[in-house]
Structure formats: C-alpha cells, structure tokens
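Written below as structure tokens is the structure these notes are about.
The values are calculated or read from the model by the stated rules, or taken from the named source; none is laboratory data. Small disclaimer: the values here were computed from a predicted structure and weren't measured. Don't worry about glycine lacking a Cβ; one is built from the backbone with ideal geometry, like all the others, and counts go over all protein chains shown.
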Amino acid sequence: MSHPVTSQTDFTRAILDPARATPNGLTNPDGVPATKRFDVYRNNVVVSLTDALATAFPVIFKLVGEQFFNAMAGVYLRQHPPSSPLMMFYGDTMPTFLASFAPVAKLPYLPDVARLELAMRHAYHAADAAPIAPEIFQSLPADRLMSARLTFAPAMQLIRSHYPIHGIWRMNMHDDAPKPGQSGENVLITRPEYDPLQTALLPGGGTFVATLMQGAPFAKALDASTAQVPDFDLSATLGTLFAGGAIIALSEDT
C-alpha cells in the first residue's frame, strides 16, 4: 500500500521536531518507513542549525552556557526554521525570540546583546563603500554644514540599549576586558577595513547619529543631542564616524 507524499512544510517540521513521526513517503528499499535513516538526517540538520546559531551568537552562547543554549536553539529552530539556504543570515529573529522566551526573563539584556551580535554580522557582510574625506567638513562654512545631510556606509550600524551591551560583549570576547558598567550604551559599529569594529558612543552620540540616520540635517541632529546632553562632545562623535569610514556622502539642501 502506498503512502501519500508529505508536503514540504510537513517535511520541514518533521526535520526540526524529534516528536514528529517520519514523513509519509520516506521508505527503505523494502518499503518499510525509513525511520532510522530519517532520524540520522534529522539529527544532522538540527546539529548544523544549532552550530550556526552558536557561531552567530557567541556571547549569548557564553552567557547562558552550552547545555542551555543547545536546548534553547531546539525551541528556536522549530519556531523559526531557515528561510534562506545561506546560514550566515540565519538567526535574524533571535532578539525577538529572546524577548519572549520565559526561561531567560531574568536576563533582560539578552535581546539587545543578540541585536548587537546580529549587527556585527550584518556589518561584516555589507557592501563596500568609499568614505568621504574629513577635509570636506573642514572646508564647509558653518551655515552650509548645519543644513547638510549625511549618507552612511551600508556597514554602519547603531545599536541603542538601556543595558551596557558593549561592556558585556567585550567581557565575554576578550579575557582582559574590564567589568561592564551599569549604564545603558549606544554602540556604533563600523567597518573601516575587513572586520567590523564596535565603539561605545559618548553621551548624546547615539541621539546624534540616530537623528542623522533618519535623514535629518546636521543642525537638527546637533540640537537633539545638546538638548539631551548640554556638553555633548561633537568632535569625539565625528572622530568616531570618520575613523570608521562611516560617512560616504554629504548633501546640502538647496
């Protein structure tokens, strides 16, 4: 007696969920359901996806431990199966997953740490773009600079958090890193060469960059920052942007 061939969706669910039976239509040469062979294949897929997540989120892996991470990955991959054959992009929904995953509720910074790790990965794979020279800023009269709008490199990322995510990341990635502080951090990710770099912006820097990223003119971004931090250090923030090759174009309102 023949069995109807299972759908692709059911097949995917069966691969990711060990509680599901072998899909219909998968049989050995003798016609018996290929349960053992499918179990081996299913285990290999789950292990590969779990390894991909561990590679993508090394700090999350360290924070929760290998055993917990592997169990959590099993839950995650059943809820969020891959939508692309490119594993370098797998895990984009991890921050949202962590925010609603009850077993990690006592670690409220985990979603933002995951956002930071995702941003590092996106920055690594982003397209190249040539930065503008700092001299362009120096040559502009103040009134023209204030009306200018900036375009940023595809690799540049900004992660804003109520938690010291940069400090947490450093402590788990570098043995000699200091203990994280208590305050939230705005982290700018740039890629001046081949590998992404993280910089924790000074107070007001996150607001300045975020406002510019929304397409606002320089003056509006500066006003927003100084309203938040009266002694906002503009030079330091611009220095970070230029050092990271983050600014690729400057346009003036006409």
Here is a list: Phe137, Phe152. Which entry is out of contact with any Asp or Glu (no Cβ under 6 Å at 6 or more places or on another chain), under 24 Å from Lys220 (Cβ atoms), modelled with pLDDT under 90 and among the hydrophobic types (A, V, I, L, M, F, W, C)?
Phe137
Being surrounded by fewer than 15 Cβ atoms within 10 Å (Cβ to Cβ), under 18 Å from Val187 (Cα atoms) and not hydroxyl-bearing (Ser, Thr, Tyr) is the filter here, so list the residues in the stretch 230-242 that pass it.
Ala236, Gly239
Test Pro154 against the stated conditions and say whether it is outside the structural domain of Gly65 (by TED's automatic domain parsing), of a type outside the set (S, T, N, Q) and under 27 Å from Glu252 (Cα atoms).
yes
Subset of the stretch 230-245, residues touching a helix residue (DSSP H, G or I) at 6+ places or on another chain (Cβ under 8 Å) and outside any helix (DSSP H, G or I), comes to Phe232, Asp233
In the stretch 95-118, anything more than 30 Å from Ala243 (Cα to Cα), part of a helix (DSSP H, G or I) and among the aliphatic types (A, V, I, L, M) is listed as Leu98, Ala99, Ala102, Val104
Among (1) modelled with pLDDT of 95 or more; (2) part of a loop (DSSP other than H, G, I, E, B), which single condition is Ile132 missing?
(1)
Consider Arg121 carefully, then state whether it is part of a helix (DSSP H, G or I), farther than 24 Å from Leu234 by Cβ and of a type in the set (D, E, K, R).
yes
Every residue from the stretch 186-212 that is without any contact (Cβ under 8 Å) to a residue 40 or more places away in the chain, touching a Lys or Arg at 6+ places or on another chain (Cβ under 8 Å) and not in a helix (DSSP H, G or I)
Asn186
Do the conditions hold for His166, that is, is it outside the structural domain of Leu63 (by TED's automatic domain parsing), at pLDDT 95 or above and buried (at least 19 other Cβ atoms within 10 Å of the Cβ)?
yes
Whichever residue in the stretch 58-72 is in contact (Cβ under 8 Å) with a residue 60 or more places away in the chain and touching a Leu at 6+ places or on another chain (Cβ under 9 Å) and, among such residues, is surrounded by the fewest Cβ atoms within 10 Å (Cβ to Cβ):
Leu63
Pair list, Cβ < 8 Å and 6+ apart or interchain, from the stretch 160-173 residues that are in contact (Cβ under 8 Å) with a residue 24 or more places away in the chain and hydroxyl-bearing (Ser, Thr, Tyr) to residues that are in a strand (DSSP E or B) and buried (at least 18 other Cβ atoms within 10 Å of the Cβ):
Ser161/Asn186; Ser161/Val187
So Gly215, is it over 20 Å from Arg115 (Cα atoms), surrounded by fewer than 17 Cβ atoms within 10 Å (Cβ to Cβ), in contact with a Lys or Arg (Cβ under 9 Å, 6 or more places away or on another chain) and in the same structural domain as Glu135 (by TED's automatic domain parsing):
yes
